[in-house]
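Take a look at the structure below.
The values are calculated or read from the model by the stated rules, or taken from the named source; none is laboratory data. Keep in mind that this is a model prediction, so the values were computed, not measured. Please note: Cβ atoms are built from the backbone with ideal geometry, for glycine as well, and neighbour counts cover all protein chains shown. Quick note on the areas: whole protein, heavy atoms, side chains included, nothing else; ligands and nucleic acids left out. Shrake-Rupley method; radii C 1.70, N 1.55, O 1.52, S 1.80 Å.
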Amino acid sequence: MTTKLFGEPVRRREDARLIIGKGRYLDDIGHNALAAAFVRSPHAHARITAIDTDGALDVEGLVAIYTYEDLHGPMAEPLPVLIPHPQLHHPRTGYPLANGIVNHVGEPIVMVVATDRYIAEDAAERILVSYEELPVVVGVDAAREAANWVHEDVPTNVAAHHHQETGDVEAALAGSTRTMSFTQYIERSACTPMEGKGVHARWDADDSSLRVYTSTQASTSVRAAIAAKLELSLDKVEVIAPDVGGGFGVKIVHPWPEELLIPLAAIALGAEVKWTEDRREHFISSAHERQQRQEITVGYDDDGRISALDVHIWHDNGAYTPYGIIVPIVTATQLVGPYVIPTYRVRVESVYTNTVIVTPYRGAGRPQGCYAMERTMDRIADELDLDRAVVRERNLIQADQFPYDHHLTFQDGRPVIYDSGDYVGLMDKLKVLVGWPEASRLRDEAAARGKLLGVGMAMYVEGTGPGPYEGGHVQVLGSGKVLVSTGLTSQGQGHETAFAQIVASELGVPIEDIEVTTGDTRRFGYAVGTFASRAAVMSGNAIALAARGVKEKALRIAADVLEVDPGDLEIDEGLVQVKGTPGASIPLRTVAVLSNPLRYAFDEAAKQATQFAGPADDSKPPVAVGDAPGLEHVDYYSPIRSTFASGAHAAIVEIDPATWEIEIVKYAVVHDCGNVVNPMIVEGQVHGGVAQGVGGALYERMAYDSDGQLQNASFMDFLMPYASEIPDVVIDHQETPSPLNPLGIKGAGEAGVIPGTAAIASAIEDAVGRRISSMPISPTELYDLMRNDDSELTAAHARRSGTGAMA
Amino acid sequence: MKPAPFRYADPGTLDEVLTVLSSEGEGAKVLAGGQSLLPLLSMRLAAPATLVDINRVPGLDTVEATGDGVTVGALVRHNALLHDDAAARVQPLLARATANVAHPAIRNRGTTVGSIAHADPSGEMTSVLALTDGSVTVATPSGVETIGWRDLFVGPLETSIHGPAVVTSAYFPALPARSGTAFAEAARRKGDYAVCGGGVVVTLDADGRVAAVRAAYISVGLTPEVHDLTDAVVGQPADSADWAAAGELARTLVDPDTDLHASADYRRLLVGVLTERTLAEAAAEALGGMA
C-alpha cells in the first residue's frame, strides 16, 4: 500500500525546489525593502564615550540612524534571560543596541537604515564611535583566574554554579581501588549555517499589524517577544520562518537584537525594512559553543569498572547568558552516557568572557560531556592494559536495566530516566562494522606503508524530544488536499517529507495530496521550536494524533452515510471503504465536504457530495453540540520526559609521521533513534552530524587573540571542512522503540556530531602513543606535541615500544 | 560585506584600458578574474575609485607554447592553462601548479596572470614564475616593457608596477633538457591556500647524475623565493641521491612566519619533507625522460 509510508526511504519532497533555486529564503523576500546595517563594536570590552553620526548624515539614501537613545520602554531594557535557572545567580544580557558598555567584538551599537545595503554600509562606515577600552577576558582559564572581570558586578566572572550529585563522591573515591585525575580542554566552534540570520518586517498602518519574516528556529516565540518588546497586541503580529538555510541551534536563540530592531524601524518608518546578516557579522555577533576546561577524577577497580566519577567543568559562556545554562546542564547530565556510574558528582562553573555568547550548537553540550566520559574510559583502559571496548562493555547499562534512572535532573527539569536502549547491542554492531579486532593488523600494514594508524571509539546517549509540547493540525479539504501544519520550524531537516509520511500512514491518503506547513504563526500559534532533536518526536507525534482525530471523525461521518459501524471502515488511497466489501466506499474528500453543512455548490466536489447527503433531521441542529464543521483536528503531544537515543562511533585515522597530517580513513556509526520515520533522512542527519564532528575535532576553532579579536572570522580562515575532508561514513541501524510516545520514535538531529571529538582524539592517541588532552588538534599542534619531550606518553605506547611493534 | 562605491569601466581595447588608467590615476585597479580582488572589495579591505575591467579586450585570452617557453595572456583562466596540453609539454610545472589553485569554480574564473599581478606569496603561479625564471609583459602609455620575476615581486601583494600599466601576459621559459619537475602542497583543506608548498626542477647531466636543483616555495616568505639546492646532491646518481640532505639544506634557507594555521617551525618541517619528496619525484621523471 503506497500510503503506508512510515519507515520508508521516501525521497525528500522539498529537495527539488531547494536545489533548483526555488527556495524562498529571507533575502529573497522584500526586494524593495529598506536595508539595515549595523555599527558593531571593534573592541572586546570598552565604555562608549561618544557616538558621532554627523559624517553619515549627508550620505545620499540614508533614511534613519538608531542608537540606544532611540530605544524606549521595554526596548530600552536588557534583552530577556530566556531560560532562567536558580543556579544562574548572575545572569547578564545585552541590550538591543549597546547601552554604554560593549562586552564583545561585534556587539551592535548603531543601526543604520538606508535605501539599500550598500548605502547603509557607506553610512555606517562614517559613524564615529569613541571608546575607553577596558581590560579584556578571553578564554576559560583567564575567566577562571578572574584577574579581570567581564561585568563589573560579577567579581569572579562566574555566572552560574551548577551542581548535581548522586551520592557522596568523596567517600566513594576514597573507597575505590584505583583513582586517577586529569584535566583536558575542548575548544570553541560554531553552527555556521549556510544562511546567516535575517529579518524582514512590514507594518500595515491601516490594519495596525506587523508581519515579520525571520530566519529562525522558533517563530512563535519570536512573535511573542516582538509583541512584548514593541508593546503590540499578539494578534497584530505574525511571524513566519521562510525557507531557512540551516540553523544547527544558533537560530533557536531569540529574540536576537535584530529581530526587535528591524520591526521597530519598520513601524517607525512605515516601510518594509530588511536586514540580512553577512558572514563576518555571523562570526562576531551570533553565537558559538563548546569551550570547556574539564577536571576529572575517576575511581575504578582492577577490572576497569567505575565506582565514582567527580567532574569539575569550567564552561565559557561568552559575554552574556540569554539562553541560561542549558549547555552546561546538558554537559553535566549527558556526560554519564550509556554507563552505570554508581556515584557521580558534577560541578560546573559557567564563566563570562569578552567573546561572542555561547548557546546551543548541534549537540549542545553533549560533545563535551561525551569527550569527558569517553576519554576517561580510554585512560582507564590504558592504565589497566585492557581493550578500550572491554572497559566500556564492563560499565554499560544492560538491556534489562531499563527504564534506567541516573538520578539527575535534565535540561527540561525532568529526571534523566533512560526510557529504552540496547547499548551492548550497539557495541557489538560497532566492533563488527569498524573491524575493531583487526586494529592490530591494520596498524602493522600501515606501518609498512610508513603511516601511523590508530583506532578510536566513543559512545553516547542523547536526551531528545524534550517538552513541553508541540501541536499539529490536519485538515482534509473538499478537493482531497490534506493540509498539515505544526508550529515548529524547518531548517532543511526534511519535515515536509517526514511529517507527510506520518499523515499518509495514519490517514491512508497518498503523500502527493499532503501539504505540510511549518513555522508560520498564521497557521499554528502554539509551538516551542526546532532544537534538541525534538521535531520528529514532538511534532511527529502531535501530527499523528491530529491525523488520528481526523480519521475518527471521517469514519464517523462515513459510517453514517454508508450505514455501517465506524469500526467496519478503513481508509486507503484516500477512499473510506467497508472492510472486505469492495464498492461500499466514499472518497475522503467527499467526507470532507459532508463535514460542513454549509455547502454552496462552488465546485464539483460539493455537487458530488449532495448524493450522499441524507435528509436533514429537523429535531437536531445542523452542527451537533460538541462537534465542529469541517474535517480537521488539532492535537498536542506533551511528553512526560525526554526520550533517550543512543549510538556508538568509531574512527580509524592514518597519520603521516613526516608531516603529521591526519586522515580519517574510516568512520563507522551505529545509531539507535527508535522507530525510524525515514531511514534516508536519518542517514542524512547522521552524515551531516559526522561532518560537523570531524570539523570540531580536526579543523574548526574560534581563534580569539588576547585582545578578544576573532582572527578567523571568515570561511577563508575558519576551516569548516569541505566534502573532501569528510570520510565516507558507514552506518548500521538499531531500532529500540521509545515506550514514551505513540510512534515509538527518538530524535536523530544532533546524534552524528556528539562522539566525533572523543572518537577521533582516541584514534589519534592510539596512533601516536601520546596523550591527547586538548581538542581540536591540527597537524602543526600534533607536531608540537610529538617533539615536546614533556608530553605524556600513553602506557600503550610503552608496551608497544617494549615489543618493538611501534613504527 | 558590500563594496564601497566605485566607478566601473570596461574598455574594449588595450589602448582604451591605458587611457582610462591614465585618467583615473592611482585609484584605478584592473579587474580580470576577480577572485582575489572582489572579496577584498566586499570586505572593504580595498576601495579603488575605479575598476577597469579588461575582460572585453581582445587577444588576451591565448596560451602560446613554443620551444622556448609558454606565453600566457592576461585573460587566460587557470582552468584553461591546466588543460593546455601543449603548454604542459613545454613547461610541465604549469599544469602541475594550476591543479593546486583553489577549486574548480575559482579556477574557472581566476586568471593566471591576475594571480601573478596580485603577488600573493601563497599563490602557486607566482612561485612557478619564479622557479622557471619567468617574466611578465606590461603595457604602459609609453610602450611595452618586460619585467623579470626578481624585479617584479617587491613584497606581499606588492609589485614594482606603478602608474597606468596593465600586465598583458606572463612568460614561462621551457623546461631545460634532461630535467624533471614536481609540485606539492600541504594545505589544511583540499584547495586551500597552502600552509607550505613548492615546486622543484631537477636537471641531470648526460650520465644521469644531478647537475642542478632549484626549488621555489610558497607561503614561507614575503615574496616568492627560489633556492638553489644543487650543492647538497650535485654529482650524485639521480636514482639514489640524498634528497633528504637537499631537504635539510632547504630548511636552513627559508625563514617562514607563524600564522593561524601553522607555526614557523612546522612550515620549516614541511619545507624539508616536501623538498625531499618532490625532488625524488622530479629526478625519477628526469631519468625517465632520458631512457
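A few remarks follow.
- Among B:Cys196, B:Ala206, B:Ser240 the positive-end extreme of the charge dipole of region B:179-290 (Cβ point charges): B:Cys196
- Cα-based radius of gyration for region A:467-637, normalised by 2.2 N^0.38 Å, reads 1.07.
- Its Cα centre serving as origin, chain B has a Cβ charge dipole (Lys and Arg +1, Asp and Glu -1) of approximately 880 debye.
- B:Val70 long-range amide H proximity, modeled H, under 5 Å: B:Phe172, B:Ala174
- Sorted largest first by accessible area at a 1.4 angstrom probe radius, with every protein chain in place, the residues A:Ser479, A:Ser774 fall in the order A:Ser479, A:Ser774.
- Here is how the number arises for the protein assembly as shown: DSSP H runs of 4 or more residues each give -39500 (n - 2.57), the sum is divided by the residue count, and the result at 222 nm is -8500 deg cm²/dmol.
- Two-site label geometry, A:Lys22 and A:Lys607: point separation in nm, points 7 Å out along Cα→Cβ: 3.1 nm
- Note on B:Thr62 and A:Lys579: their simple-model spin labels are 8.3 nm apart, each label 7 Å out from Cα toward Cβ.
- Surface accessible to a 1.4 Å probe, per residue, for the residues of region B:7-53, Å²: 48 Å²
- Solvent-accessible surface of region B:63-173, taken per residue with a 1.4 Å probe and all protein chains present: 38 Å².
- Hydrodynamic radius (Kirkwood) for chain B, which is based on Cα pairs only, to one decimal in Å: 19.5 Å
- When the Cα positions of A:His495, A:Val138, A:Met459 are compared along the charge dipole of the protein assembly as shown, A:His495 comes out farthest toward the positive end, with charges on each C-beta of Lys, Arg, Asp and Glu.
- Value of relative contact order over region B:63-173, rounded to a whole percent, pairs C-alpha under 8 Å and six or more apart: 29 percent
- B/A buried area, accessible surface, summed, 1.4 Å probe, Å²: 2500 Å²
- Euclidean distance between Cα centres, region A:667-723 to region B:216-239, Å: 39 Å
- Each eigenvalue of the Cα gyration tensor of region A:649-750, multiplied by 5 and square-rooted, gives one semi-axis; in descending order these are 33, 19, 11 Å.
- Measuring nothing but alpha carbons in region A:518-599 and taking Rh as the Kirkwood radius, the Rg to Rh ratio lands at 1.11.
- Above-threshold pairs, the threshold being 32 Å between Cα atoms, out of A:Lys251/A:Lys746; A:Lys229/A:Lys746; A:Lys22/A:Lys236; A:Lys251/B:Lys190: A:Lys229/A:Lys746
- When the alpha carbon coordinates of region A:281-339 are projected onto the principal axes, the ranges are 52, 18, 16 Å, largest first.
- Rounded to the nearest 20 debye, the dipole magnitude of the protein assembly as shown is 1320 debye, with +1 charges on Lys and Arg beta carbons, -1 on Asp and Glu beta carbons, and the Cα centre as origin.
- Over the protein assembly as shown, all Cα pairs binned in 20 Å intervals from 0 give whole-percent P(r) values of 11, 35, 35, 16, 2, 0, listed from short to long.
- Here is what passes the span test in chain A: the DSSP H helices with alpha carbon length of 24 Å or more along the helix axis and a Kyte-Doolittle mean of -0.5 or above are A:535-562.
- Those residues of region B:1-32 for which accessible area with every protein chain present is at least 10 Å² below the isolated value (1.4 Å probe): B:Met1, B:Lys2, B:Pro3, B:Pro5
- Residue-normalised accessible area of region A:1-81, given per residue in Å² at a 1.4 Å probe: 56 Å²
- Solvent-accessible surface (1.4 angstrom probe) belonging to B:Ser135, in square angstrom, nearest 10: 20 Å²
- When a 1.4 Å probe is rolled over the protein heavy atoms, the share of accessible surface on region B:7-53 that falls to carbon and sulfur comes to 56 percent.
- Mean projected area in nm² (Cα convex hull; one quarter of hull surface) for region B:63-173: 6.3 nm²
- Solvent-accessible ranking of A:Lys431, A:Lys579, B:Lys190, largest area first, probe 1.4 Å: B:Lys190, A:Lys579, A:Lys431
- For region A:80-195, the equivalent ellipsoid built from the Cα gyration tensor has semi-axes of 42, 18, 16 Å, listed from largest to smallest.
- Each listed q (0.19 Å⁻¹) maps to a log10 I(q)/I(0) for region A:1-107 from the Debye sum over equal C-alpha point scatterers, namely -1.11.
- With each label modelled as a point 7 angstrom along the Cα→C-beta vector, the A:Asp58-B:Ala49 pair spans 1.8 nm.
- For A:Lys481, the lysines whose Cα falls under 21 Å of its own Cα, not counting residues fewer than eight places away in the same chain, are A:Lys4, A:Lys551, A:Lys553, A:Lys607.
- Charge dipole (debye, nearest 20) of region B:7-53; +1 at Cβ of Lys and Arg, -1 at Cβ of Asp and Glu: 280 debye
- Over region B:7-53, the hull volume per residue, using the convex hull of the C-alpha atoms, is 62 Å³.
- Interface residues, region A:753-783 - accessible area loss of 10 Å² or more versus chain alone, probe 1.4 Å: A:Ser778, A:Pro779, A:Thr780, A:Tyr783
- Kyte-Doolittle at least 0.0, axis length at least 20 Å by Cα - qualifying DSSP helices, chain B: B:264-290
- Mean-position separation - Cα centroids, region A:16-80 and region A:473-517, in angstrom: 37 Å
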